[in-house]
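S.K.: One structure is given below, represented as C-alpha cells, and several questions about it will come after.
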Amino acid sequence: MTVIDETRRESRAFEADVAKLLNLIVHSVYSDKEVFVRELISNAADACERLRYEAIASPDLLGDDPALRITLLIDADNKCLTVEDNGIGMSREDMVQGLGTIAHSGTKAFLDRIEAAQSGEGATLIGQFGVGFYSAFMVADRVDVFSRRAGSEDAWQWSSDGKGTFSVSPAALDGAPRRGTRVVLHLMEDAKPYTERFRLERIVRTQSGHVPVPIAFVEKPGAEPSELADGAALWAKPKSDISTADYTDFYRSLAGQLDEPDVTIHFRAEGRHEYTALAFIPGSRPFDLFDVDRKGRIKLYVKRVLITDEAEILPRYLRFVRGLVDSADLPLNISREMIQESPILTAIRKGVTSRVLGDLEKLAEKEAETYAKIWDNFGAVLKEGIYGDFERRDALLALCRFKTTSSAGAWRSLKDYLASLKENQTAIYYLAGDDIARLEASPHLEGFRARGVEVLLLADPIDSFWVTSAPSFEGKPFKSVTQGAADLALIPRLDAKDEPAPETDKAVTDFLAFIKETLGEAVSDVRASDRLTDSAVCLVAPEHGPDRQLEKLLAGTGRIKSTAKPILEINPRHDIVVALASLGDDDLAFKRDAAHLLFDEARVLDGDRPTDARMFCDRLARILTRSLGKNTA
C-alpha cells in the first residue's frame, strides 16, 4: 500500500461565478439527467484521441497497452459508477485548469443565459456551454477523479462535492489507473438506478454508441468486461448502413449539443485526393456563434487519427457547421502548425465548402421551410461571406433571404426581388439599420411604397458592409434609399395618372433656399424630395461615400473621425412646408425656428438626437407659445 503525503494535498475554492453555475446545473438547467453519461464518455473519448495523436511522435506513450478503450464499472452495493479511459491522462496542472475552472473565458455570459432560460428552455442548453463534466453533480454528491498522464510516474486525485471547493492531492499509485483517467461518481440515493446494467446499456447505445473508441461494461467489481460499442468510425461506414438516429447521436456526441441537426452532409471524395467528410448544420444556434475568434469547429482526422479539433476546413462564415474530415492523403506526422499550409488541405477546403454551399442551395429550392429555419439561425453569419469571399459571392447572394417592404414578414430571395421589379426600376433598393420595426417606419420608404417598389430591410450589422462590396446581383446594382437622389421620377406611382408631376411652387423653392441659408454648415444641401409622400423631412447621405447607417457604424467604432454633412430633403407638398413657405418677411424669426426644428425632426426620424437639446426646447417653446397665442385670439 502506497503512503500518501497529506502535506501535498491542496484545497481550492471555485470562482464565485463557478460555484453559482454548478448550483444552476444541478438544480435548474438539466431536465434529462441521463446526459451525464454521454458527457463523461465524450470526455474519455477525447482523451483517447489525444493520446492516439501524441503517440504518432512518441510511440512509447502507449507502452504495453496500445489498445485504447473506455470502461464503465458498476458498484451497486456502494452506489458508485466509474467511467475510466486509458487515454492521455492529466497532470496536476491539467486537473486544476481543466476541472477547477468552468468556461473561464465567459462564465458570466453563460450564467446570464442559463438564468434567462430556466423558464422552459433548459433541456436544450447544456450542450451549448461546454460544462459537460460538471453534469456529474446532478447525480453524485461527490466526484473523485484519479488520473495519471501518459509517460508520467505521478498520479493525482481531484475531489469535490460540487458545492464550492475542490481538492487536488497525490493519488495512491495502486489506486490510480496505469495511464489515463478514472472518474468515480458517488451517487445520490435517487440516482441509484444508474447502477442498473440495462439502464446504462440503453443510455450508452442510444447516446454514445458511435464514439470512435470501444466501450466496455463491467457489471460488478471483479466481473469480466463485456463490449457495449466497438468504436467503429461512423463516417467510415456506408451511408446505407447509417440511420437518422445514428447520425443524430453522433452529431450530439461530436458537437456537444442536444438538438437535432437540420442538415446532414456525408460524402466521400475520390480522385486526386481522397477524404471523407461528415458535416452537420445544427438545429439551433451554438452559444459561440458570434465568438470574436470566429473559429471553425471541424475536426481533422488522418486515417482515423485525430489531428486537431479546430481545423480551418470551412471559411469562417460557415463556422456554425459541425463535423469532421478524415483524409487518407495527409501524412500522419503532419504538425498542427503545418496543417494550414498544406496544398492537400487547400483542395479539401475547396471541396467541402463547395459541397456545403451546394447542399444549402438544393435545400433552399426543395425544402423552403427548413432552409428558412437555417437562415433564421445563421443568415447573419453567412452574409459575412459576401463581404469576404469574392469567389463565392454570387452563390452566397443567391442563398441570402431578406425581409422586405413587400414580404409581410416572410423571407424573400434576390431572385424573388428581381421578378417583381417595377417599370423603369434599375436598382435593388435597400434600407439598413438596427431594428426591423424602425426600418419599416422610416420616411425614406414613402416614395417607394407609393410606387410599389420593394425595398430590402437590412437589420444585421454586417449588412451595411457587404452591400458596399457586392456591387450588383444579376446586373442590378444595390442602392441605399438613404443615399443620393432617389431616382424615382421615372417609376410611375400606383395611383398616378398620365400627367407629369407638378412643378415645385416658387414660394416653396424660396423657402428651401431660406432653410439652407439658416442651417448653414449643418447640411451640405437642402432640396425637394421625390421619396417623401407623408412626412415633411428626411436626411440622406451624399451620392458618394457611405450611406447613413454605415457612416454611423464607422463613426461608432472610431474608423472615421468625422461624418459627411447630410442632405436635408423637404417634401414640397407637405401642408406644414407649404404653410411655412407662405409666411412673409415679418415672420423671419419664426421661420428660422421652424427651419431648425425641421432639421431636428429629420435627425430624430433618423435615430439621432437634436443637434442642441437646449436650443431645441427653446425653439419648440416659442413655436407653441405662438400657436397658443393665435388660438386664444
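S.K.: Can you pull out every residue in the stretch 575-587 that is modelled with pLDDT of 90 or more and either in a helix (DSSP H, G or I) or in contact with a strand residue (DSSP E or B) (Cβ under 8 Å, 6 or more places away or on another chain) (or both)?
M.R.: 575, 576, 577, 578, 579, 580, 581
S.K.: Please go through (1) of a type in the set (D, E, K, R); (2) buried (at least 18 other Cβ atoms within 10 Å of the Cβ); (3) more than 42 Å from the chain's Cα centre (by Cα) for residue 551 and return the number of the only condition it doesn't satisfy.
M.R.: Looking at each condition in turn, residue 551 falls short on (3).
S.K.: Another question, if that's okay. For the structure I just gave you, tell me whether residue 382 is surrounded by 19 or more Cβ atoms within 10 Å (Cβ to Cβ), within 15 Å of residue 478 (Cα to Cα), among the hydrophobic types (A, V, I, L, M, F, W, C) and in contact (Cβ under 8 Å) with a residue 60 or more places away in the chain.
M.R.: Values: surrounded by 19 or more Cβ atoms within 10 Å (Cβ to Cβ): yes; within 15 Å of residue 478 (Cα to Cα): no; among the hydrophobic types (A, V, I, L, M, F, W, C): yes; in contact (Cβ under 8 Å) with a residue 60 or more places away in the chain: yes.
So residue 382 does not fit the description; no.
S.K.: On to the next question. I'd like to check something: does the stretch 267-280 contain any residue that is acidic (Asp, Glu), within 15 Å of residue 210 (Cβ to Cβ) and in contact (Cβ under 8 Å) with a residue 40 or more places away in the chain?
M.R.: Going through the stretch 267-280, the residues acidic (Asp, Glu) turn out to be 270, 274.
With within 15 Å of residue 210 (Cβ to Cβ) added as a condition, the list becomes none.
The answer is no; no qualifying residue exists.
S.K.: Which pairs turn up if I take residues in the stretch 450-461 that are under 11 Å from residue 481 (Cβ atoms) and look for partners that are part of a strand (DSSP E or B) and open to solvent by 20 Å² or more (accessible area, probe 1.4 Å) with beta carbon separation below 7 Å, at least 6 apart in sequence or on another chain?
M.R.: 457/403
S.K.: Among (1) open to solvent by 60 Å² or more (accessible area, probe 1.4 Å); (2) in contact with a strand residue (DSSP E or B) (Cβ under 7 Å, 6 or more places away or on another chain), there is one condition residue 406 misses while meeting the rest; what is its number?
M.R.: Checking residue 406 against (1) open to solvent by 60 Å² or more (accessible area, probe 1.4 Å); (2) in contact with a strand residue (DSSP E or B) (Cβ under 7 Å, 6 or more places away or on another chain), the one that fails is (2).
S.K.: Could you tell me which residue of the stretch 603-622 is nearest to residue 483 (Cα to Cα), considering only residues that are modelled with pLDDT under 90 and open to solvent by less than 50 Å² (accessible area, probe 1.4 Å)?
M.R.: Once the filter is applied, the top-ranked residue is 606.
S.K.: Being under 27 Å from residue 53 (Cα atoms) and open to solvent by less than 20 Å² (accessible area, probe 1.4 Å) is true for just one of 208, 226. Which residue is that? Break it down stepwise before answering.
M.R.: Details: 226 fails: open to solvent by less than 20 Å² (accessible area, probe 1.4 Å).
None of the other options fit; the residue is 208.
S.K.: Let me ask something else about it. Considering only the stretch 354-414, give the helices (runs of 4 or more DSSP H) lying wholly within it that have at least 2 residues that are within 26 Å of residue 291 (Cβ to Cβ) and among the hydrophobic types (A, V, I, L, M, F, W, C). First the steps, then the outcome.
M.R.: Working: elements: 368-382, 384-388, 393-399.
Hits in the stretch 354-414: 368-382, 393-399.
S.K.: Sticking with this structure for a sec: Determine, yes or no, whether residue 597 is open to solvent by less than 50 Å² (accessible area, probe 1.4 Å) and not in a loop (DSSP other than H, G, I, E, B).
M.R.: Working: open to solvent by less than 50 Å² (accessible area, probe 1.4 Å): yes; not in a loop (DSSP other than H, G, I, E, B): yes.
Answer is yes for this residue.
S.K.: Across the stretch 233-247, which residue is farthest from the chain's Cα centre (by Cα) among those that are hydrophobic (A, V, I, L, M, F, W, C) and open to solvent by 60 Å² or more (accessible area, probe 1.4 Å)? Reasoning before the result, please.
M.R.: So in the stretch 233-247, the residues hydrophobic (A, V, I, L, M, F, W, C) come out as 233-236, 242, 245.
Right, trim to open to solvent by 60 Å² or more (accessible area, probe 1.4 Å) and you get 236, 245.
Numbers: 236: 30, 245: 26 Å.
Ranking the candidates gives 236 first.
S.K.: Return a yes/no flag: does the stretch 82-98 have any residue that is among the β-branched types (Val, Ile, Thr) and either open to solvent by 40 Å² or more (accessible area, probe 1.4 Å) or modelled with pLDDT under 90 (or both). Explain how you work it out, then say what you get.
M.R.: Within the stretch 82-98, the first condition is being among the β-branched types (Val, Ile, Thr), and the residues that meet it are 82-83, 88, 96.
Applying the additional criterion that residues be either open to solvent by 40 Å² or more (accessible area, probe 1.4 Å) or modelled with pLDDT under 90 (or both) yields 96.
Yes: the stretch 82-98 contains one or more residues that are among the β-branched types (Val, Ile, Thr) and either open to solvent by 40 Å² or more (accessible area, probe 1.4 Å) or modelled with pLDDT under 90 (or both).
S.K.: Tell me which residues, restricted to the stretch 181-202, are of a type in the set (Val, Ile, Thr) and assigned to a strand (DSSP E or B). Walk me through how you get there before you give the answer.
M.R.: Initial filter on the stretch 181-202 (of a type in the set (Val, Ile, Thr)): 181, 183-184, 195.
Once the filter is applied, which keeps residues that are of a type in the set (Val, Ile, Thr) and assigned to a strand (DSSP E or B), the stretch 181-202 yields 181, 183, 184.
S.K.: On the basis of being assigned to a loop (DSSP other than H, G, I, E, B) and surrounded by fewer than 17 Cβ atoms within 10 Å (Cβ to Cβ), does residue 178 make the cut? Walk me through how you get there before you give the answer.
M.R.: On the way: assigned to a loop (DSSP other than H, G, I, E, B): yes; surrounded by fewer than 17 Cβ atoms within 10 Å (Cβ to Cβ): yes.
In short, yes.
S.K.: I need the full set of residues from the stretch 310-328 which are buried (at least 16 other Cβ atoms within 10 Å of the Cβ), touching an Asp or Glu at 6+ places or on another chain (Cβ under 8 Å) and within 24 Å of residue 213 (Cβ to Cβ), in order please.
M.R.: 327
S.K.: Another question, if that's okay. Can you pull out every residue in the stretch 385-403 that is open to solvent by 50 Å² or more (accessible area, probe 1.4 Å) and of a type in the set (Asp, Glu)?
M.R.: 391, 394
S.K.: Return the total of residues in the stretch 130-155 being open to solvent by 30 Å² or more (accessible area, probe 1.4 Å) and either free of Cβ contacts under 8 Å to residues at least 40 places away in the same chain or hydrophobic (A, V, I, L, M, F, W, C) (or both). It would help to see each step written out before you state the result.
M.R.: Just the residues of the stretch 130-155 that are open to solvent by 30 Å² or more (accessible area, probe 1.4 Å), to begin with: 130, 141-142, 146, 149, 151-154.
Still in the list and also either free of Cβ contacts under 8 Å to residues at least 40 places away in the same chain or hydrophobic (A, V, I, L, M, F, W, C) (or both): 146, 153.
Total meeting the criteria: 2.
Yes/no matrix, rows are residues, columns are (1) within 22 Å of residue 487 (Cα to Cα); (2) in contact (Cβ under 8 Å) with a residue 24 or more places away in the chain; (3) of a type in the set (Asp, Glu):
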site	(1), (2), (3)
514	no, yes, no
521	no, yes, yes
525	yes, yes, yes
534	yes, yes, yes
540	yes, yes, no
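S.K.: Any chance you could count how many residues in the stretch 278-297 are surrounded by fewer than 21 Cβ atoms within 10 Å (Cβ to Cβ) and modelled with pLDDT of 90 or more?
M.R.: The number of residues fulfilling the criteria is 2.
S.K.: In the list 267, 250, 217, which residue meets the criterion of being surrounded by 14 or more Cβ atoms within 10 Å (Cβ to Cβ) and touching a His at 6+ places or on another chain (Cβ under 6 Å)? Show your work before the answer.
M.R.: Working: 267 fails: touching a His at 6+ places or on another chain (Cβ under 6 Å); 217 fails: touching a His at 6+ places or on another chain (Cβ under 6 Å).
Unique residue meeting the criteria: 250.
The values are calculated or read from the model by the stated rules, or taken from the named source; none is laboratory data. Just so it is clear, the model here is predicted, and its values are computed rather than measured. So basically every Cβ, Gly included, is an ideal-geometry build from the backbone, and we count neighbours across all protein chains shown. Please note that ligands, DNA and RNA were not included when accessible areas were found on the heavy atoms of the full protein model with its side chains. Shrake-Rupley method; radii C 1.70, N 1.55, O 1.52, S 1.80 Å.
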